[in-house]
Structure formats: C-alpha cells, structure tokens
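The values are calculated or read from the model by the stated rules, or taken from the named source; none is laboratory data. It should be emphasised that the depicted structure is a prediction, and the values quoted were computed from it without experimental measurement. Cβ: placed from backbone, ideal geometry, glycine included. Neighbour counts: every protein chain shown. Protein only, heavy atoms only, side chains kept; ligands, DNA and RNA dropped before computing areas. Shrake-Rupley method; radii C 1.70, N 1.55, O 1.52, S 1.80 Å.
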Amino acid sequence: MTKLEHCAFSTGHLAHPIADVGGELSLSIYAAPPHLRTAIALSAMQEGLWIHVDIMRDPQGRDRGVDMATLKELTVSRQHRVDVHLIGDGAAAAFDEVCELGCTRITVALEGCTDILSTAATARRSGAQFWMAIAPPTAVEDFLPMVPVVDGVLLMLLAPGTQDPADLSLLSKAQALSHLLPVGVDGSVGAANVNACLEAGARYIVSGRGLLQPNQRFLKTLTPLQSKGKP
C-alpha cells in the first residue's frame, strides 16, 4: 500500500489509478481557502503528495493566486516537493525570488518566456527542475523546439484561474509528447477524468477542487497556522 493511500484527504479516488501507472499526485493549494492553505499543504506533504503553488500577480504586483508568504512557509524546510507555477507577466517578475526559496520544480508559461535558455539555467542553478506549461490554445508544434531544454511539460486543460470543466480534447497533446518527456496535466482534473489523463500518457496529475471538494469534513478539522513572515 502506498503513502498516497493513507492520505488524510482520502485520495484513493485519484491515488489508486495514478499509483498503478507509477505516476505522482500533486495538490493545487490555490483551490483551498487562503487562510487554510499552509495547514492543508503541510498535511498533504506529510502524506507524500507534491504541492502545486500557482503564483499569479496582476500588473500592479498584487497577488491573485497563492501569496509569497505562504510559499515561503512551505519551502522553509526544503524537505518537501513543491512545484511553483508562475502564471502571467506579474508572476514572471517573481521568478528570481522563487528561485531563492529552494523549490523542487519551477514551471513557467511557454507563451510568456522570452529567454528560455537563461531562464532554464537559472532555475537549475537553484536546484529546481525546469518545466514549461502550455496554455490551451497553444499547439504542440509550438512547444517541440523546447523539448531539449526543459525537464517536463505541464498541459493546461483550461485557462488558469477559471473553474470550467477540463477540455479533454487537449489530451491529444499528452499523447503526442509523452514519449519525449514527462507530461503533467492541470485544470479540473478529478475522479471523472483522471483515467483519461493517465491513458493519454500524463504521469504528473495536479488536482485542486478534485481533491478538496470531496473532503469538506476533513477541512473543517483544520485551523489556520500562524504566519511566519511576510513577503
């Protein structure tokens, strides 16, 4: 029995099929109530899950996703697997700060990365894997030149920050890329579609609402943790 099967979030509906193919499950804490994100993430980390952190900032630099103070709390020990996804131009400006925190993986958007070689080198010098995310409208052909440069690709199955259903037609990208490099999927992934994602070749599964919504009783047992600092 794997560690995922003992998870406090009762993740069996996702963990069992993922474990069967040697994949990995990541909890997107953007889907959690802001005041509980650190507590939820630390509980999930103890059960062996990755933690996926969406950093989103508007042009004025205001956090619209997970704030930097929460990310700092999650990376202070450098003992857990934290995947930071920088979304939008405002978040891209936080790249250097994120690199200093000792994240396991840094994911940037193909569509907003102007100097891929320098960005990849900086991420790897920090000790992080370097992944690239592909937005729903972006074609596989536009990503193929990046394959030798990145460590993996995260396929967005919906526009970041929205709550639409996953567009499963986009899994054709996973089928095209999974034999070239590790593939992850993000965006309304849950029990109803995780098998389709795995069958398409995805092995890194990011889920937020798909993990948290079925487990409201557990969430009510958590209390906010005292913030350890501000960004």
Which distance in nm do the two modelled labels at A93 and S169 give, with both placed 7 Å along the Cα-to-Cβ direction? 3.6
Using heavy-atom solvent-accessible surface (probe 1.4 Å) with all chains present, what is the largest-first order of E73, E111, E47? E111, E47, E73
Cβ under 13 Å from G187's Cβ, G187 left aside: what net charge do those residues give with Lys, Arg +1 and Asp, Glu -1? -2
Not counting ligands, DNA or RNA, and with a 1.4 Å probe, what is L198's accessible surface area in Å² rounded to the nearest 10? 10
Please give, to one decimal in nm, the separation of the simple spin-label points placed at E141 and E199, each 7 Å out from Cα toward the Cβ. 2.8
State in Å² the accessible area per residue of the chain; use a 1.4 Å probe, count heavy atoms of protein chains only, and round to the nearest integer. 45
Run the numbers for Q46 and V76: contour at 0.36 nm per residue of separation, minus the present Cα-Cα distance, in nm. 9.3 nm
Among the DSSP beta bridges whose two residues both lie in the chain, what percent are antiparallel, rounded to the nearest 5? 5
Could you tell me which residue out of L157, V76, A109 lies farthest along the dipole of the chain toward its positive end? Charges go on the beta carbon: Lys and Arg +1, Asp and Glu -1, centred on the Cα centre. V76
Can you list the equivalent-ellipsoid semi-axes of the chain, largest first and in whole Å, using the square root of 5 times each Cα gyration tensor eigenvalue? 24, 23, 16
Taking +1 at the Cβ of each Lys and Arg and -1 at the Cβ of each Asp and Glu, which of L181, I134, G22 sits farthest along the dipole of the chain towards its positive end, judged by Cα position relative to the Cα centre? G22
For the chain, the accessible surface attributable to carbon and sulfur atoms (probe 1.4 angstrom, ligands and nucleic acids excluded) amounts in percent to 51
